[in-house]
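Contents: one structure, followed by commentary.
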Amino acid sequence: MTENRVLEVYYHNKMVGRLAETPEHLIAFQYDAEWQKNGFSISPLSLPLNNDVHIPEKKSLDRFGGLFGVFADTIPDSWGQLLLDRHLKSLGINKDEITTLDRLAYIGSSGMGALEYHPSKSADFDLKTSGLNFDDIARECANLLSSKPSDQLDVLYKLGGSSGGTRPKILLSDNDREWIVKFPAKEDPSISGKREYDYSLCAKSCGITMTETELIPSSVCEGYFKTERFDRKNKEKIFCASFAGLLEADFQAPSCDYETYMRLINVLTKGNKNDIDQMFKVMCFNVATHNRDDHTKNFAFLYTEDNGWRLAPAYDLTYSDTYWGEHTTSVNGKGKDISEEDLLKVGEDAGLSKKQCLERIKDIADKTKMLSDYIGKTGR
């Protein structure tokens with residue numbers, strides 16, 4: 001098959017730059033000359049706005065398929081990757097024979113965030129998202145996860161092929177707004193959708209910024225979690241980048257501390273106190289509610305010309321564990337047995353007052369008691 005050797009990267013119909021594969025299979029990037037004059041650095045720590053040909057470190061081969069993290073953000077992992085692989089198989093294409101640039105080309109203009117890739121290999125579907133039967137979609141998702149055939153592969157690929165994360169999900173438009181709907185993964189209990197919905201309501205009551213959330217009724221489980229996308233607003237694509245992408249960090253293993261997150265927020269937002277306070281709240285919430293899958297891809301920034309870099313709304317807040325039994329992101333160097341003193345240390349080092357930190361810790365401890373049935377052993 002013909003492989004893509006060079007891809008052009010676009011943002012709001014403006015060329016950002018070009019990607020090209022090196023002989024070592026690393027994906028080099030260079031900003032377009034016009035973008036250098038009028039654009040912004042899409043990854044300030046790794047891709048400064050200059051005329052250099054930027055080449056990622058060799059470790060990116062294992063972490064991001066040879067890409068810089070900000071581009072790897074737009075390639076789906078887990079569920080989205082499974083859908084793309086199945087889609088390629090249906091076309092008679094061996095997934096092991098396509099390059100990383102090919103995968104970006106298949107994403108084309110449908111990826112998460114605002115970056116688009118040309119020339120695109122994305123399929124041209126014409127599907128309506130109104131009147132969907134969510135129980136049917138959940139069943140087809142379960143079939144795919146169990147390696148069973150599905151006659152709805154094209155539909156699932158169109159609705160969820162650009163999404164990431166472990167849980168099956170679809171992307172849809174509803175009332176001129178863009179949403180994500182999640183379905184249970186293989187090992188998830190039937191309460192997983194309602195649980196994440198209840199977590200979102202609790203988080204909002206704690207003062208944590210999230211997009212609107214809903215619970216879709218079901219006849220076979222407690223419901224499906226629905227959340228509005230923060231990378232879409234008024235039909236416009238919003239540039240976003242995960243902490244993993246910006247830090248070039250491995251999101252599949254413990255690699256960061258919340259102290260690192262605070263420093264990153266301080267640098268990119270120019271010390272925005274509200275964003276630092278938000279991260280402190282999320283850290284306390286994750287510790288209080290046993291959300292241990294708090295890896296670097298579960299936090300993100302948004303960039304707009306008006307506001308610059310700002311912390312994105314919180315997402316993926318739900319009960320979760322890790323096979324090593326600790327938080328993926330450590331608190332004051334600790335992954336478990338995290339104390340109030342550990343939380344205070346991170347907050348005060350980030351510039352928050354002790355009084356403010358203690359108020360946040362107490363408020364979140366009080367309000368998360370409503371989730372005790374989920375957090376306790378019987379609620380797993």
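Observations on the structure shown:
- Those lysines that a straight Cα-Cα span of less than 21 Å connects to residue 148, excepting residues fewer than 8 apart in one chain: 89, 95, 158, 169, 182, 186
- The stretch 15-121 - percent relative contact order, Cα under 8 Å, separation 6 or more: 18
- Sequence-distant residues sharing a close amide H with residue 209 (under 5 Å, placed H): 314
- Computed 3J(HN,Hα) for the stretch 42-50, one whole-Hz value per residue from the Karplus formula 6.51 cos²θ - 1.76 cosθ + 1.60 where θ = phi - 60°, is 7, 7, x, 7, 10, 10, x, 7, 8, glycine and proline marked x.
- Considering all different alpha carbon pairs of the stretch 239-379, the Kirkwood hydrodynamic radius works out to 15.4 Å.
- The chain, helix-only ellipticity at 222 nm - DSSP H runs n ≥ 4, -39,500 (n - 2.57), divided by all residues, nearest 500: -9500 deg cm²/dmol
- Under the Karplus curve 6.51 cos²θ - 1.76 cosθ + 1.60, θ = phi - 60°, whole-Hz ³J(HN,Hα) for the stretch 300-314, x wherever Gly or Pro sits: 8, 10, 10, 10, 9, 4, 6, 10, x, 7, 9, 5, 6, x, 5
- Separation between Cα centres of the stretch 228-270 and the stretch 327-367, rounded to whole Å: 20
- Distances between placed amide hydrogens fall under 5 Å for residue 232 paired with 238, all partners being 5 or more residues away or on another chain.
- All other residues whose Cβ lies under 9 angstrom from that of residue 222 are scored, Lys and Arg at +1 and Asp and Glu at -1, for a net of +2.
- Once C-alpha pairs closer than 8 Å and six or more residues apart are averaged by separation and normalised to the residue number of the chain, the relative contact order reads 13 percent.
- Rounded, prolate or oblate (a/c below 1.5 giving rounded, otherwise prolate when a/b exceeds b/c) for the stretch 6-118 by Cα gyration tensor: prolate
- Percentage relative contact order, the stretch 239-379, counting C-alpha pairs under 8 Å, at least six apart: 28
Each value in this text was obtained by applying a stated rule to the coordinates, not by laboratory testing. Small disclaimer: the values here were computed from a predicted structure and weren't measured. No Cβ is skipped: glycine too gets one built from the backbone with ideal geometry, and neighbour counts run over all protein chains shown.
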